[in-house]
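Visitor: First the structure, then my questions, so here it is.
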Amino acid sequence: MNIKWNADKYTQDFSFVHEYGNEVIGLINREEGASVLDLGCGNGALTKKLSELGFKASGLDASPELLQIARKNYPELTFYQGDATEFELPGKVDVIFSNAVLHWIAKDKQPDLLRCVYHALNENGQFVFEFGGSQNNALTHEGLRQAFAARGLEYKMPFYFPTIGEYASLMERAGFRVEYALLFDRPTELKGDNGLYDWIDLFIRTPFGGVDEGMRKEIIADAVERLRDKLFRDGKWFSDYVRIRGRAVATV
């Protein structure tokens, strides 16, 4: 994952990312006092929620910008900076929780991610997660592909959106027993009149490498117009999310 975050905009305009994460926390079935790592903790909002629920919570993220906000807002919590595919913790934890992160990791790096998660967990530790699944934002990415193609450019998918079967197989090879997995549609309202433009502007960065700023803005605006009849309803923009939610246990 290689992206420089606009941390303030992420926190102010896309709070739904961690708000939906509250539902995922419900998959954790460990007692109060259990140690939980929030993997890809971002601004720390869900790390704080985990702490409020009685867990011994800490967070890890690659973004110094987001970690700066997390440490400022929640100085009583511990936050580590690190890469999800090669991290090591001072000690093992009972649960690793991850919301809206795993799809940022390239397909060929997923085994490294799962290996790190497995080795960071205590015996029978839980891995609880939600991330983009097969067909996540399919309309949005098709709109961008068309806008790129109209200018003689190739749009390269920057995310990894697997099926449940594909990801369950990866987890099993890494030593996990999958206890629960669900793939579901979750159309999500985007804030403001420019909701979809702002979403693309913040989250879709890698495909624009080598494209100047003027052209980048033009492509985004074109994609938004191509998607208006599909993702703009009742005066509101929506993102066509499809998510995988699950829980797995690290077997011996």
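Visitor: Scan the stretch 122-137 for residues that are over 16 Å from the mean Cα position of the chain (by Cα) and not in a strand (DSSP E or B) and jot them down.
Guide: none
Visitor: Any chance you could count how many residues in the stretch 161-178 are of a type in the set (D, E, K, R) and surrounded by 18 or more Cβ atoms within 10 Å (Cβ to Cβ)?
Guide: Going through the stretch 161-178 one residue at a time, the tally reaches 0.
Visitor: Restricting attention to the stretch 65-107, and to residues there that are β-branched (Val, Ile, Thr) and outside any loop (DSSP other than H, G, I, E, B), which single residue is surrounded by the fewest Cβ atoms within 10 Å (Cβ to Cβ)?
Guide: THR78
Visitor: Only one of ALA168, ALA149 is over 22 Å from the mean Cα position of the chain (by Cα) and small (Gly, Ala, Ser); which?
Guide: Unique residue meeting the criteria: ALA149.
Visitor: Of the numbered conditions (1) within 25 Å of VAL117 (Cα to Cα); (2) touching an Asp or Glu at 6+ places or on another chain (Cβ under 8 Å), TYR180 fails exactly one; give the number of that condition.
Guide: (2)
Visitor: Do the conditions hold for LYS56, that is, is it at pLDDT below 95, surrounded by fewer than 19 Cβ atoms within 10 Å (Cβ to Cβ) and basic (Lys, Arg)?
Guide: So LYS56 fails the test.
Visitor: Looking only at the stretch 119-134, decide whether some residue is over 22 Å from SER63 (Cβ atoms), touching a Leu at 6+ places or on another chain (Cβ under 8 Å), surrounded by fewer than 19 Cβ atoms within 10 Å (Cβ to Cβ) and without any contact (Cβ under 8 Å) to a residue 60 or more places away in the chain.
Guide: There is no residue in the stretch 119-134 that is over 22 Å from SER63 (Cβ atoms), touching a Leu at 6+ places or on another chain (Cβ under 8 Å), surrounded by fewer than 19 Cβ atoms within 10 Å (Cβ to Cβ) and without any contact (Cβ under 8 Å) to a residue 60 or more places away in the chain.
Visitor: Would you tally the residues in the stretch 71-87 being within 20 Å of the chain's Cα centre (by Cα) and among the acidic types (Asp, Glu)?
Guide: Matching residues across the stretch 71-87 total 2.
A quick yes/no check of all residues on (1) surrounded by 19 or more Cβ atoms within 10 Å (Cβ to Cβ); (2) within 19 Å of ALA100 (Cα to Cα); (3) in contact with a His (Cβ under 6 Å, 6 or more places away or on another chain):
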residue: PHE159; (1), (2), (3): yes, yes, yes
residue: TYR180; (1), (2), (3): no, yes, no
residue: PRO187; (1), (2), (3): no, yes, no
residue: LEU202; (1), (2), (3): no, yes, no
residue: VAL211; (1), (2), (3): no, no, no
residue: ILE219; (1), (2), (3): yes, no, no
residue: LYS230; (1), (2), (3): no, no, no
residue: ARG233; (1), (2), (3): no, no, no
residue: TYR241; (1), (2), (3): yes, yes, no
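Visitor: Inspect the stretch 37-44 for any residue being surrounded by fewer than 21 Cβ atoms within 10 Å (Cβ to Cβ), under 15 Å from the mean Cα position of the chain (by Cα), modelled with pLDDT under 95 and closer than 18 Å to VAL117 by Cβ and give the result as yes or no.
Guide: Among the residues of the stretch 37-44, not one is surrounded by fewer than 21 Cβ atoms within 10 Å (Cβ to Cβ), under 15 Å from the mean Cα position of the chain (by Cα), modelled with pLDDT under 95 and closer than 18 Å to VAL117 by Cβ, which makes the answer no.
Visitor: So, THR47, is that one buried (at least 24 other Cβ atoms within 10 Å of the Cβ) and free of Cβ contacts under 8 Å to residues at least 40 places away in the same chain or not?
Guide: Criteria met by THR47.
The values are calculated or read from the model by the stated rules, or taken from the named source; none is laboratory data. None of these values were measured; they are calculated from a predicted model. Heads up, the Cβs are rebuilt from the backbone with ideal geometry, glycines too, and the neighbour counts pull from every protein chain shown.
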